[in-house]
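The values are calculated or read from the model by the stated rules, or taken from the named source; none is laboratory data. Worth saying up front: this structure is predicted, and the values here are computed from it rather than measured. Cβ placement follows ideal geometry from the backbone for every residue including glycine, while neighbour counts extend to all protein chains displayed. Side chains included, ligands, DNA and RNA excluded: accessible areas come from the protein's heavy atoms. Shrake-Rupley method; radii C 1.70, N 1.55, O 1.52, S 1.80 Å.
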Amino acid sequence: MSILTTVHTLWLREMKRFLRNRSRLIGSIALPLIFLGILGTGFAGHFRYKGDVSYTEFIAPGILAMQLLFSSMFGGLSVLWDKQFGFMKEILVAPVSRIAIMTGKTIGTVTTSMLKALVFLVAMLATGLVKPSFSGLLLTLAFMILISAAFVSLGITFAARMSDPQGFQLIMNFVIMPIFFLSGALFPLEGLPVWLKALTYVNPLTYGVDGMRYALNGSAHFPPFLSLGVLFGFWLLTSLVGAWLFEKMPA
Amino acid sequence: MDVRKNDVPIVISGLTKTFGTLTALDSIDLEIRRGELFGLLGPNGAGKTTLLSILSTILPASSGKAVVCGFDVGRKRSEVRRSIGIVFQDPSLDDELTGEENLDFHGRLYGMSRERRRERIRKTLKLVDLYDRREGIVKTYSGGMRRRLELARGLMHEPLVLFLDEPTLGLDPQTRRKVWAYIRELNETHGLTLILTTHYMDEAEQLCSRVAIIDQGRIVALDTPAALMASLGGDTLNLVVSTASEVFIHSLRKLEEVRSVVCEANRLRVRAAVGESVLPRIFALAQSLGVHITELSTRKSNLEDVFLAVTGRHMRDEPITRPTDRIRLMRRSGKR
């Protein structure tokens, strides 16, 4: 009972902050549209993939994954700002369990990330950029939630170990960007040199991008159940490690 | 046991905290009774915040025991946390939420029902004069308003004991006095037990019913501010004389009210029981011995003198140079 109250309280806070900050909201919805518009148009004439798939159509699921990656990681890393501005202290001395705190924070951030991603998804559906079946759409949602939950947990994992927001830039440059660029979001996985192929194969987001590409456009590099399984395992790993580190974090 | 739990909410015995080779708290023994407005006074780094952190279950003790409201801080953390309120030294509000939302968040975390939250929000915000600003985003609050909101939040769940860590650090004099008034009211009108840390002498002197002076992790003095100052044996007279002859000093020491005389060249520091009444006698003595008094000033003793007498050092020697302190002050005054 009390655990649910705590989870709900933390979730509510994320929602309030989300709805209050309009500029952040608009920015996070505009970014993927800009990416898709510019990259899609710029590469339109220079890309040939499996017949009549345009580059915009090809990268659409990848940009969706990018948006989830960014907003989820940033959301998880916001624990750093709560530490910096002291609010984490207020939360950590309350008579509630840390697991409940982390769960609430995660569900709240997944919710806000999903809301932003859904706006983008609806825009893509409306313009006919992706034409999934109903079951494909459901599978896409499952992938989206898994991607978001896993990367929120990863963000919290990093934030639990870091003491000041200066490390944020480091995470941005050496974790978030490589994960995005090595995920096959912007290029096909076929015909890559061995080193690049190896890097993409160990990147969990690769399976998210590929799974959503299957669910939205019907073409995939990996079997969809493999992708789902890898992502699930990754989520399990990040949430367990995150919970453990969050538990040990000094108040 | 139950009576004791109610009458002595804080019982500390042999409490020690070490960080590696550094001993932050060295075998502290202390009891704080119900209804006290207790001050932990000491310079930066004396161990005040460490003690508060252990009492509020944020830090584990290395050895020794502390019982808060009948609960051992090491073993009954949740029970302790429910019984106490804390106002931290550093800001700890969500400044994207309104004042009201910050309190509501707190109430939910402490498992309060909707009705009780609403009632307590109204009461505590009225107490700190923020009720009219309850719907303002905290970002728009001044430093003093934030501090008052934190005070209201600490009271939100009706704790038995309220801890205040440097409650007026970085506030302007006017706001400081206002915060003092709120603290006093909580103690006098509502009978709340308050424990505050401070490195401001005047704060401890004017606010606290009892003070523990902490230095290098130990309690070096413990009493009411008045008794601590009286223990010095009165006020201080500073004299500058033409020639500080042995005879004059000797005769001064023989005066009934005089406790001590310290001589540096032609400057004399005299500590005497009743400062003003002793003046005519000193003048008479000086005249009879042909000594000219060229300067004279009297000063009431304060806790600074107590600290000096007990530790042999001045409390305010070190200016604030540690970067963390400067950041704290900047942030407290609302600049980020």
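For A:17-28, what's the mean count of beta carbons from other chains sitting within 10 Å of each residue's beta carbon?
Per-residue shielding by partner chains comes out at 1.
Report the charge-dipole magnitude of the protein assembly as shown in Debye, nearest 20, computed about the Cα centre from +1 at each Lys and Arg Cβ and -1 at each Asp and Glu Cβ.
My answer is approximately 1000 debye.
If I ignore ligands, DNA and RNA and count only protein heavy atoms, how much of B:ASP202 is accessible to a 1.4 Å probe, in Å² to the nearest 10?
The value for B:ASP202 is about 50 Å².
Once you place label points 7 Å from the Cα toward the Cβ at B:THR18 and A:LEU138, how far apart are they in nm?
My value for the distance between the label points is 6.2 nm.
Accessible area lost on pairing A with B, both sides, 1.4 Å probe, Å² to nearest 100?
Result for this pair: about 2400 Å² buried.
Just from the alpha-carbon atoms, what are the Rg and Dmax of chain A in angstroms?
Looking at chain A, its Cα Rg and Dmax stand at 18.4, 60 Å.
Roughly how many percent of the accessible protein surface of chain A is carbon and sulfur, given a 1.4 Å probe and a whole-percent answer?
73
For chain B, what is the mean residue ellipticity at 222 nm derived from helices alone (per DSSP H run of n ≥ 4: -39500 (n - 2.57); sum divided by total residues; nearest 500 deg cm²/dmol)?
-11500 deg cm²/dmol
I need the calculated FRET efficiency for the pair A:LEU192 and B:GLU119, taking r as the beta carbon distance and R₀ as 56 Å, to the nearest 0.05.
0.30
Averaged across B:84-90, how many Cβ atoms of other chains sit within 10 Å of each residue's Cβ atom?
Across the residues of B:84-90, the mean count of other-chain Cβ atoms within 10 Å is 2.
What FRET efficiency comes out for the pair B:HIS190/A:HIS8, r = Cβ-Cβ distance, R0 = 41 Å, nearest 0.05?
After rounding to 0.05, the efficiency reads 0.85.
Could you tell me which of rounded, prolate or oblate describes the protein assembly as shown, using a ≥ b ≥ c as the square roots of the eigenvalues of the alpha-carbon gyration tensor, with rounded for a/c under 1.5 and, failing that, prolate when a/b is larger than b/c and oblate otherwise?
prolate
Using the Cα centre as the reference, give the magnitude of the dipole from point charges on the C-beta atoms of the stretch B:159-241 (Lys, Arg: +1; Asp, Glu: -1; all else neutral), rounded to the nearest 20 debye.
100
Could you give the semi-axes, largest first, of the ellipsoid that matches the stretch A:129-245, computed as the square roots of 5 times the alpha carbon gyration tensor eigenvalues and rounded to whole Å?
Gyration-tensor ellipsoid for the stretch A:129-245: 26, 18, 12 Å.
Mind running the shape call on the stretch B:95-196? Use the C-alpha gyration tensor, a ≥ b ≥ c as the square roots of the eigenvalues: rounded below 1.5 for a/c, prolate if a/b tops b/c, oblate otherwise.
Verdict is oblate for the stretch B:95-196.
Which ³J(HN,Hα) values in Hz, rounded to whole numbers, follow from the phi angles of the stretch A:16-27 under the Karplus curve 6.51 cos²θ - 1.76 cosθ + 1.60, where θ = phi - 60° and Gly and Pro get x?
5, 5, 4, 6, 7, 9, 5, 5, 5, 5, 5, x
Specify whether the C-alpha gyration tensor of the stretch B:80-143 places it in the rounded, prolate or oblate class, a ≥ b ≥ c being the square roots of the eigenvalues: rounded for a/c under 1.5, otherwise prolate if a/b is larger than b/c and oblate if not.
oblate
For A:ARG161, what is the net charge nearby, where nearby means another residue's Cβ is under 14 Å from its Cβ and Lys, Arg count +1, Asp, Glu -1?
0
Give me D for chain B in µm² s⁻¹, whole number, from Stokes-Einstein with Rh from the Kirkwood sum over alpha-carbon pairs, 25 °C and 0.890 mPa s.
Calculated translational D: 110 µm²/s.
Comparing B:LEU255, B:LEU52, B:LEU30, which has the greatest mean-square fluctuation in the GNM of chain B with Cα pairs linked when under 10 Å apart?
B:LEU255
Could you give the accessible area per residue of the protein assembly as shown, probe 1.4 Å, as a whole number in Å²?
46
Taking accessible area as the heavy-atom solvent-accessible surface of the protein chains with a 1.4 Å probe, which residues of the stretch A:72-105 lose no less than 10 Å² upon going from the isolated chain to the full protein assembly?
Correct list: A:GLN84, A:PHE85, A:GLY86, A:PHE87, A:LYS89, A:GLU90, A:ILE91, A:LEU92, A:VAL93, A:ALA94, A:PRO95, A:VAL96.
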